[in-house]
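Report on one structure; see the data block that follows.
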């Protein structure tokens, strides 16, 4: 099965880290058995960037360091939409709010109506760009996924209330970081976990970001340091 580059979708994933200095836990859920992508696997909340994400206003942007890392080997204009997608997917799949109290200056699109109804505007300043991975060729779906780490203290809603979540992930739970590897998870999630473990006690954005780049020619493990995309 041949998949061209136009079928690779940009995506955002959020790793919410709770009690990072005492007994760190991360939020995970299980994908459905009939899911086309990674069925039955335990994953972090996340999904593809929607076209409307580029137009959603943010109460605060990504940290400059993270925006710079996102722009390397990518279109810099994507940074805003990817950050918005991370916040939207977190809300849709877990019901957790990463936002500030406020009202929207424009009517929210359908995907954002329930979020706006909580009285919050999304904000991206707590997101730390931590990892990037491109799905290897030959898979039924391919994503260029950016992983963001966020401290649970930045969440504006009850950390144990998942009532507003959609049914895409089941068994949502706070998993002790030390026990996460015992769950059935994709290989790339295990790789990202190692990076989370290394950064669990560090609140500052990383100086460089690992990039697992699987293209049609080779698999590369790079580090993004904020260099502009080559012409």
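The values are calculated or read from the model by the stated rules, or taken from the named source; none is laboratory data. Predicted model, so just to flag it, every value in this text is computed and none were measured. Using ideal geometry, Cβ is built from the backbone for each residue, glycine included, and neighbour counts are taken over all protein chains shown.
Values as computed for the structure displayed
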read-out	value
Single condition residue 121 does not satisfy, out of (1) under 17 Å from the mean Cα position of the chain (by Cα); (2) surrounded by 19 or more Cβ atoms within 10 Å (Cβ to Cβ); (3) farther than 19 Å from residue 41 by Cβ	(1)
Selection count, region 134-171, where residues are at pLDDT below 95, surrounded by 15 or more Cβ atoms within 10 Å (Cβ to Cβ) and in a strand (DSSP E or B)	4
Number of positions in region 191-217 that are part of a loop (DSSP other than H, G, I, E, B) and crowded, with 19+ Cβ neighbours inside 10 Å	2
Total residues in region 124-133, condition free of Cβ contacts under 8 Å to residues at least 60 places away in the same chain and buried (at least 23 other Cβ atoms within 10 Å of the Cβ)	0
Residue within region 113-129 that is within 22 Å of residue 39 (Cα to Cα), at pLDDT 95 or above and in contact with a helix residue (DSSP H, G or I) (Cβ under 7 Å, 6 or more places away or on another chain) present	no
Residue ranges of strands (runs of 3 or more DSSP E) in region 20-117 with at least 3 members touching a residue at least 24 places away in the same chain (Cβ under 8 Å) and crowded, with 20+ Cβ neighbours inside 10 Å	25-31
Matching entry among 72, 89 (being under 27 Å from residue 210 (Cα atoms) and modelled with pLDDT under 95)	72
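For (1) over 23 Å from residue 188 (Cα atoms); (2) at pLDDT below 95; (3) out of contact with any helix residue (DSSP H, G or I) (no Cβ under 9 Å at 6 or more places or on another chain), each residue gets a yes or a no:
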residue: 4; (1), (2), (3): no, yes, yes
residue: 20; (1), (2), (3): no, yes, no
residue: 24; (1), (2), (3): no, no, no
residue: 33; (1), (2), (3): no, yes, yes
residue: 41; (1), (2), (3): no, yes, no
residue: 49; (1), (2), (3): no, no, no
residue: 83; (1), (2), (3): no, no, no
residue: 97; (1), (2), (3): yes, no, no
